[in-house]
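Asks: Structure incoming, see below.
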């Protein structure tokens, strides 16, 4: 991440570079247009002078050769039919009719014409100026042309000087900007140091930033903040004991709620036993209802276990038992168990051996919860993959709205339309707690009506931390 003074410097360089580029382009085309206009006037005047000479000259071939030697320009004299009568740079006998040339067409209409194009004769870009003349009542056309490379020599020299002048001012501006940026960086360093002191609860600030009025105001406000935080820190210490007590009471309340679920469990089991012994109930009906009651009892038991585990994890009083094991074996077993539970569903598993150092029971619970989740909220096959970097569970279900993605891992949160997790919305919250305890995190990618992917990184879990824990 760039520092503020570096951003200022880069913005300055960018703005001035754009300015130089735009100025260079504008000056290029402006000067080029002016240079071509001047040369057109110059060549036009030369043609007027030559017209007076041609009326006295008898040998036109010799005349165009003299023009070539004296001016370095190409000279061409044409009849009114377009036939080349004299040419300074090429054999006139082998040249085509020139009535289709743009400058000749203009000269036929208005007496004078010009054009810029590539010459097949001289193999370069040239400026052509043609004029109509009348000698002894007969119409002729005289044309002079000059290479654009020669014409633009002066233009390029001037343009380079302008560009260098702009570059010089940019260089001076960069030096000034560097000095200002350096001073700003110094004051920013002071502000950063003061904030770091406050973060470490050290409220005695030494230096002040004063390069600009804004920095001075910020520095003053930081001092006021330090004073307020010092007072609040003292107040916070007084309230810490009270907050701990309130937190303990809240956890006791949740634990009591968990114990309250035991009564309906006992009632359902008793009712199931009564139905089982009722001779008046048909066998198939009795067995079906018994199984439903037992299943509901097991669900409530699972809810209790999850709530208890969630409280323990939340209070950070859970005892972790880490060991080195192959995560691939755990995932394979979980897949087999889920296939038995969901006999009409298929789980496509692709995995490899990955040794991890973790609490095996908790990590197995996280894997089972994610696979069970995918099976509950989709009707298609699901895909489970494990490699040396990550673990993925992909389903093709109804998906999750983007606005819900950051909420579904919170305790007791459920998405109503998805009938999210009958266990009071603790499943994904527990998974997040478990992964966080193992230096990993739950990642969720979902598209509505297309499906979801739940994954977590195993790279941190593969590191053996036994050495760190004993230090």
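Please treat every number below as a calculation from the coordinates, not as lab data. This structure is a prediction, so every number in the text was calculated from the model and none was measured. Heads up, the Cβs are rebuilt from the backbone with ideal geometry, glycines too, and the neighbour counts pull from every protein chain shown.
Asks: Which of 195, 370 has the fewest other C-beta atoms within 10 Å, and how do the rest follow up to the most?
Replies: With the fewest neighbours first, 195, 370 line up as 195, 370.
Asks: Further question on the same structure: State, to one decimal in nm², a quarter of the convex hull surface area for the C-alpha atoms of the range 73-164, i.e. the direction-averaged projected area.
Replies: 6.9
Asks: Okay, next question. One quarter of the convex hull surface, Cα atoms only: what value does that give for the range 4-155 in nm²?
Replies: 11.3
Asks: Would you mind ranking 143, 244 so that the residue whose beta carbon has the fewest other beta carbons within 10 Å leads the list?
Replies: Starting with the residue having the fewest Cβ neighbours, the order is 244, 143.
Asks: Which length gain, in nm to one decimal place, applies between residue 244 and residue 139 when the Cα-Cα distance is subtracted from 0.36 nm times their residue separation?
Replies: 26.6 nm
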